[in-house]
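Accompanying notes for the structure given below.
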Amino acid sequence: MYYKKVFCALIGCLFFQMVFAQEKKDSLILRFHLNFKNERLEQNKKYISEAKDTLEIDVFRFYISNIKIQYADATTFSETNSYHLIDIENPNSFQIPISKKSEKTITKITFSVGIDSIASVSGAMSGDLDPSNGMYWAWQSGFINMKIEGKSSSCSTRKNAFQFHIGGYLKPNYAIRTSELTPKNSNLEVNIEASELFKHIKLSENNSVMIPGAKAMEIADYAIKMFQIK
């Protein structure tokens, strides 16, 4: 009886994997690539920014939400419950199946980097919005839209650490930003060029942002420039 149950469980898992693989094959997938100066971004690897800082990135995590696709025939696809946590420690999170494949030509894709006010105050949350993911402050401040942590010899902080926790959903500190990109073809490949952010930040002077405010708004403006079509 025991072996029969184990066998049935294995068959069930195999069937689920096959169905999921087929759904993924038939899906239009938004793919992200984390880079630093056109090389794949790796944790704990030393990089030199245009601001002349030597740095290592340990944490790189952010939310993508409100994904929309515009087609040449003027129709638009908007993803429902569009909240995705992208995490350098979870390569599977770099790929987001968002709709069934279509023969229609894509003219534009838009998405937000961050979580809107509705989700921020909605109460019970699960999945990518679960507070256990370490991306939620409290209802007063909402979600951390982007979290980047690491170390640099330029920082005079403890263990030379830098921490950027960027968020805020209440005006005037509304830190969500929207990216509008024009794909070159039906493959939605997006580069996230981290060096684009750090060329605007001198880590000896600015190495810690942990609450909503003017500094978070400024870094949010720099951060959205990281997103580029591949």
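Hey, could you check the range 33-47 for residues that are without any contact (Cβ under 8 Å) to a residue 60 or more places away in the chain and not in a loop (DSSP other than H, G, I, E, B) and say which is most open to solvent (accessible area, probe 1.4 Å)?
Here the residue is Arg40.
Only residues that are open to solvent by less than 60 Å² (accessible area, probe 1.4 Å) and assigned to a strand (DSSP E or B): list them for the range 84-96, please. Write out each step before concluding.
Of the range 84-96, the ones open to solvent by less than 60 Å² (accessible area, probe 1.4 Å) are 84-88, 93-94, 96.
Passing the criteria: His84, Leu85, Ile86, Asp87, Ile96.
Which one of these does Ile144 not meet: (1) surrounded by fewer than 19 Cβ atoms within 10 Å (Cβ to Cβ); (2) more than 17 Å from Arg31 (Cα to Cα); (3) in contact with a His (Cβ under 8 Å, 6 or more places away or on another chain)?
(1)
Would you confirm, using the coordinates I've provided, whether Pro172 is out of contact with any Leu (no Cβ under 7 Å at 6 or more places or on another chain), touching a residue at least 60 places away in the same chain (Cβ under 8 Å) and either open to solvent by 10 Å² or more (accessible area, probe 1.4 Å) or part of a loop (DSSP other than H, G, I, E, B) (or both)?
no
Restricting the range 117-138 to residues that are modelled with pLDDT of 85 or more and in a loop (DSSP other than H, G, I, E, B), which is least open to solvent (accessible area, probe 1.4 Å)?
Ranking the qualifying residues of the range 117-138, first place goes to Met135.
Kindly indicate whether Gly168 is in contact with a Pro (Cβ under 7 Å, 6 or more places away or on another chain), at positive phi and not basic (Lys, Arg).
Details: in contact with a Pro (Cβ under 7 Å, 6 or more places away or on another chain): yes; at positive phi: yes; not basic (Lys, Arg): yes.
Answer is yes for this residue.
Looking at the range 139-164, which of its residues are closer than 26 Å to Lys225 by Cβ, among the polar types (S, T, N, Q) and either in a loop (DSSP other than H, G, I, E, B) or under 20 Å from the mean Cα position of the chain (by Cα) (or both)?
Ser141, Asn145, Ser153, Ser154, Thr157, Gln163
Can you name the residue in the range 36-89 that is within 23 Å of Ala119 (Cβ to Cβ) and hydroxyl-bearing (Ser, Thr, Tyr) and is also nearest to the chain's Cα centre (by Cα) among such residues?
The extreme case among them is Tyr63.
Take the residues in the range 102-116 that are outside any loop (DSSP other than H, G, I, E, B) and aliphatic (A, V, I, L, M), then tell me which one is surrounded by the fewest Cβ atoms within 10 Å (Cβ to Cβ).
Ile106
Given the conditions (1) open to solvent by 30 Å² or more (accessible area, probe 1.4 Å); (2) under 25 Å from Tyr136 (Cα atoms); (3) touching a helix residue (DSSP H, G or I) at 6+ places or on another chain (Cβ under 8 Å); (4) part of a loop (DSSP other than H, G, I, E, B), report the number of the one that Tyr222 does not fulfil.
Looking at each condition in turn, Tyr222 falls short on (4).
The values are calculated or read from the model by the stated rules, or taken from the named source; none is laboratory data. On a predicted model such as this, the values are computed, not experimentally measured, just so you know. When we count neighbours, we look across all protein chains shown, and the Cβ atoms used for this are built from the backbone with ideal geometry, even at glycine. Please note that ligands, DNA and RNA were not included when accessible areas were found on the heavy atoms of the full protein model with its side chains. Shrake-Rupley method; radii C 1.70, N 1.55, O 1.52, S 1.80 Å.
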